[in-house]
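I have placed the structure first, in the form of structure tokens, so that the comments after it can refer back to it.
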Amino acid sequence: MVGASACVGSRTQESFENEVHARGGGLSQQLVLDGIVAVAEHQHTNPVHLRSITVQPARVAFEAQVPGTTSDLDAYTFGTSGMYGGGGLSGPEPVHTNSTDPPLEGTTFTAHAAGIEHFDTTVDQALDEAKLPGGWASSASISRPVGGGDPQTTVTVTNRRRTVTVTFDADGSVLGATP
Amino acid sequence: MRYLLTRAGIVAAALVALAVAVIIILSVGTVIYPGSLRWTAPVLCPDDQPDAFVVRTTVSDSEGTSTSFSLFCMGARGDFSEAGSWRPLGVLFLYAYGAMLLLLALLFLPSVRGRRKRRRVERGIDPTPRPFAPL
């Protein structure tokens, strides 16, 4: 519906985003799970092997290993809003890799190994840990650390003045916070 | 048969005219009160994102300024999904069309039934049950 009009009962985008921030930022475990299911259905593979997950409000991006290959990755995005990055699954887009990149075997992980089932709890914990008045979780990323090891979740918490990054291990324990 | 076809045609034309009237009323109504899109949230929003917001986006270009409205559904954590504008408009149309049909049925059905009954009585086929025969 387009047209010059009255605005009764509607909000500006800024006011809507303020509401999202007031409720914690809008990062959603369910969105991540739905996105992984969508990628799995597209790839006809289960479980999906991922190199990274990047979560934003209403949008999640994945780098997923191409089934049947040992060094190829595809990028996907999954979202629930056209205004915020697109609805549904987008991709695959080939990811450019270098011969110097470490082998995928040591950098990919499954959703279960990353502890996605307690992602919401991790975000809540990050908000508590950051101790930023009026703060919200603006983004989160999951990947395995350089040199190997279990996947880690990094949550970025921000308010109008500062940003704090809180890192968790796959069990949801805090590894550290970087102001 | 021809009589029935004519009547069916009249009913179909009336239903189409009603649909056009509802579309016109909705077009004006949603421009005056875009918040009405929120009424479709019980149908369009997921159970875990029950709070509805109508978000307006204003775009200015060389042809002028235009404003669009979109329905968003939000959960307790601020997680949200966009229902858009066409789907809410479609649901609003169904609401309004159904309400109009119901209203018309309530207004006209009694008179139609009354007229039919009068005709039957005039033809000597009174359908009113008579539990006791008059003495």
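The values are calculated or read from the model by the stated rules, or taken from the named source; none is laboratory data. Note that the structure is a prediction, hence the values are computed from the model and not measured. Reconstructed Cβ throughout: ideal geometry from the backbone, glycine too, with neighbour counts over all protein chains shown.
Working carefully through the options A:86, A:149, A:106, A:68, find the one that is touching a Lys or Arg at 6+ places or on another chain (Cβ under 9 Å) and on the phi > 0 side of the Ramachandran plot.
Among A:86, A:149, A:106, A:68, only A:86 is touching a Lys or Arg at 6+ places or on another chain (Cβ under 9 Å) and on the phi > 0 side of the Ramachandran plot.
Determine if the stretch B:3-12 includes at least one residue that is assigned to a helix (DSSP H, G or I) and within 22 Å of residue A:58 (Cα to Cα). Outline the logic, then answer.
Step one: list which residues in the stretch B:3-12 are assigned to a helix (DSSP H, G or I), which gives B:3-12.
Cutting the leftovers down to within 22 Å of residue A:58 (Cα to Cα) gives us none.
No, there is no match, as no residue in the stretch B:3-12 is assigned to a helix (DSSP H, G or I) and within 22 Å of residue A:58 (Cα to Cα).
Out of the residues in the stretch B:49-73 meeting the condition of being surrounded by fewer than 21 Cβ atoms within 10 Å (Cβ to Cβ) and within 7 Å of another protein chain (Cβ to nearest Cβ), tell me which one is farthest from the chain's Cα centre (by Cα).
It comes out as B:65.
Please go through the stretch B:74-101 and pick out each residue that is among the aromatic types (Phe, Trp, Tyr) and over 20 Å from the mean Cα position of the chain (by Cα).
Residue satisfying the conditions is B:80 alone.
Please work out which residue is nearest to the other protein chains (Cβ to nearest Cβ), limiting yourself to the stretch A:92-145 and to residues that are free of Cβ contacts under 8 Å to residues at least 40 places away in the same chain and outside any loop (DSSP other than H, G, I, E, B).
Among residues in the stretch A:92-145 that are free of Cβ contacts under 8 Å to residues at least 40 places away in the same chain and outside any loop (DSSP other than H, G, I, E, B), the one nearest to the other protein chains (Cβ to nearest Cβ) is A:128.
Can you work out which of the residues in the stretch A:28-74 that are part of a helix (DSSP H, G or I) and among the acidic types (Asp, Glu) is nearest to residue A:96 (Cα to Cα)?
Top of the filtered list is A:41.
Output the residue which, of all residues in the stretch B:85-112 that are within 11 Å of chain A (Cβ to nearest Cβ) and at pLDDT 90 or above, is surrounded by the fewest Cβ atoms within 10 Å (Cβ to Cβ).
That would be B:86.
Do the conditions hold for residue A:39, that is, is it over 29 Å from residue A:128 (Cβ atoms) and either among the polar types (S, T, N, Q) or facing another protein chain (nearest Cβ under 7 Å) (or both)?
no
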